[in-house]
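Data first, discussion second: the structure below is written as structure tokens.
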Amino acid sequence: MKLYYSKFQVKDATYYVASTKKGLAFVGSPNQTLKEVNQFYQAIELIEDEKSNIEAVRQIKEYLGNRRQGFNLAIDLSNGTQFQQKIWKTLTKITYGRGVNYTELAELAETPKAIRAVASAVAHNPILLVIPCHRVIRKDGKIGNYRAGVELKEKLLKMEGFLKD
């Protein structure tokens, strides 16, 4: 599989994004190396290509600058299982400023008894920010873990108005 990647900066953070010919396939955690992509993709050929990701970079920068509330990008979820793809698609339906817990997400995905599997799919989301796994919180109201770090998750939820200062 060929992944076309770009590197960009937002304030003091460096991000990597990668796309296939079908669409955006990876958004990395801030200040991580490109090797993070290997957590989600095996046997890949990485090709540096700024042009393939211009629109994704623009929209992510706008979102992180609090100038965008949603994304309009082609996304390639083909690396996930059918179940993971279903959960990732369901995550995109959680609107800006809203949060759900894992039980609610399982119900939204019409898999109410698969809460652990839902949580696992959320944890394996390769497209941070664009597929908003940061909007999933624990049932007890705590924000829970996040691949990019709890601090960023809290910052994003505050930016969106879900959490108050």
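The values are calculated or read from the model by the stated rules, or taken from the named source; none is laboratory data. Because the structure is a prediction, the values reported are computed rather than measured. Glycine also receives a Cβ, built like all others from the backbone with ideal geometry; neighbour counts cover every protein chain displayed. The protein model used for the area step is the full one, side chains on, heavy atoms only, and it has no ligands, DNA or RNA in it. Shrake-Rupley method; radii C 1.70, N 1.55, O 1.52, S 1.80 Å.
Points worth noting:
- Extension reserve of the residue 31-residue 13 stretch, reckoned as 0.36 nm per residue once the Cα distance is removed: 5.9 nm
- Solvent exposure ordering (accessible area, 1.4 Å, most first) of 120, 19: 120, 19
- Paramagnetic reach from residue 62 (point 7 Å along Cα→Cβ, amide N under 19 Å) across the range 115-149: 128-132
- Going through [x] 126, 44, 36; [y] 42, 36, 25; [z] 41, 37, 32, the figure that equals Cα extents along the principal axes in Å as computed for the structure here is [y].
- The C-alpha atoms of the chain define a longest principal axis, and helix 54-64 lies at about 40 degrees to it.
- Too-long pairs where the Cα-Cα distance tops 25 Å, listed order kept, from 93/155; 2/153; 2/113: 2/153; 2/113
- Heavy-atom accessible surface of the range 11-165: percent carbon and sulfur, 1.4 Å: 48
- Among the listed pairs 11/86; 21/61; 89/139, those beyond 29 Å (Cα-Cα): 11/86
- Probing with 1.4 Å while keeping every protein chain in the model, the per residue accessible area of the range 41-165 equals 55 Å².
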